[in-house]
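The next block holds one structure in the form of structure tokens; read it before the comments.
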Amino acid sequence: MGEYGGLGLFFLVALIFPVSALIPAFLLQPRQPTKEKRIPYECGVDTVGKTYVQYRVGYFLYALVFIVFDVETVFLYPWAVRFGHLGLFALIEMFIFIAILAVGLGYAWKKGALSWK
Amino acid sequence: MNEALGYVHGLVGWAFSLAEAYDVPSLIGAGVFFLFAGLALLFACGVVFLRNVVHSALSLTATFICVACLYLSIDADFMGAVQILVYGGAVAVLIVMAIMLTRRDDMAHSNPSRGLWQHAGAAVVSGLFLLGMAAVAVLSPFQSAPQPLGDAAPGLADLMLSHYVLPFEVAAVLLLIAMIGAILLAKGAEES
């Protein structure tokens, strides 16, 4: 756990920097809110319509494909760590594993899940 | 001057003896555990009680990160990394994208809690679950490892690619089925 103590300390210091910049600004700022000041900021132009709209299903499909290959990475990592000791059989096994998931990627491609219309 | 130095010296010695007597490293370990366990519970409560479902998703992600910190605090490095990579990253993105798919006029009341009966039902179910978990925790003969386990990934690889090779390939098929099923459902939703 010792090495993570340093990491925790790093996060703590990283937290102190923005907070110590924000607190004086919060204390010193003049507060004169008007209606224009309170609208959401959108690159200087007036906002159009509602903030929450229904997004296209394409985003969700990308996230799904991403999660599958994220999990595949988790399986690949221990294999890569022990690659030198595992030998040919493990290499073939891993290629079967990747091939099965490549079928899924091919299916997603064929079905147009990756095309951005 | 010498008197003051002697006083400081005595104080430092006293602090060290106190630290030794109360076993400070394990106290810090316990403190870290209770800090992250408490934070995880706090954010889990946020998932249930926050009114805005986007805030609930953020709170859920914070819970995942706190659980990852718990894994790291018990030297389960690989588990912690996987927890951050898969849950803190991919699952959180998936949940937010699923929320983006829904159509709502006002996100401020998108996670409502309704009615007495639902609250009572939730209390009964979660109470039973808590009882079950407590029974498992109390009755299981947990054994603590005699020495730190070290890096888990090489051992995992050895088991995964020799003894458990069939479950490993079945996991690939499971991922494939999950992806195909999700694409079928999502494309169906798009066409209708």
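The criterion of at least 3 residues that are surrounded by 12 or more Cβ atoms within 10 Å (Cβ to Cβ) and more than 7 Å from chain B (Cβ to nearest Cβ) is met by the following helices (runs of 4 or more DSSP H) wholly inside region A:40-117: A:57-81, A:88-110. Among helices (runs of 4 or more DSSP H) entirely within region B:1-106, having at least 3 residues that are among the polar types (S, T, N, Q) and touching a Cys at 6+ places or on another chain (Cβ under 7 Å) singles out no element at all.
Just one of the listed residues (A:Val68, A:Val103) is among the hydrophobic types (A, V, I, L, M, F, W, C) and under 30 Å from B:Cys69 (Cβ atoms), and it is A:Val68. Among the residues of region B:68-77, those that are farther than 17 Å from A:Phe11 by Cα, under 14 Å from the mean Cα position of the chain (by Cα) and not hydroxyl-bearing (Ser, Thr, Tyr) comprise B:Ile74, B:Ala76, B:Asp77. For region B:14-47, the set of residues classified as surrounded by fewer than 17 Cβ atoms within 10 Å (Cβ to Cβ) and touching a residue at least 24 places away in the same chain (Cβ under 8 Å) consists of B:Gly29, B:Phe33, B:Ala37, listed by residue number. B:Gly80 meets the conditions (1) under 28 Å from A:Asp70 (Cβ atoms); (2) under 12 Å from the mean Cα position of the chain (by Cα); (3) more than 14 Å from every other protein chain (Cβ to nearest Cβ) in every case but one. The failed one is (3).
Of the residues examined, A:Leu61 is one that is out of contact with any strand residue (DSSP E or B) (no Cβ under 6 Å at 6 or more places or on another chain), in contact (Cβ under 8 Å) with a residue 24 or more places away in the chain and not β-branched (Val, Ile, Thr).
Looking only at residues in region B:163-192 that are surrounded by fewer than 14 Cβ atoms within 10 Å (Cβ to Cβ) and facing another protein chain (nearest Cβ under 9 Å), the one that is modelled with the lowest pLDDT is B:Ala189.
Filter region B:88-101 down to residues that are at the interface with chain A (Cβ under 8 Å from one of its Cβ atoms) and under 16 Å from B:Ala182 (Cα atoms) and give me whichever is modelled with the lowest pLDDT. Within region B:88-101, the match that is modelled with the lowest pLDDT is B:Leu101.
Can A:Gly44 be described as farther than 26 Å from B:Val54 by Cα and modelled with pLDDT under 85? When the stated conditions are applied, A:Gly44 does not pass them.
The values are calculated or read from the model by the stated rules, or taken from the named source; none is laboratory data. Because the structure is predicted, anything quoted here is derived from the model rather than measured. Virtual Cβ from ideal backbone geometry, glycine too; neighbours counted across all protein chains shown.
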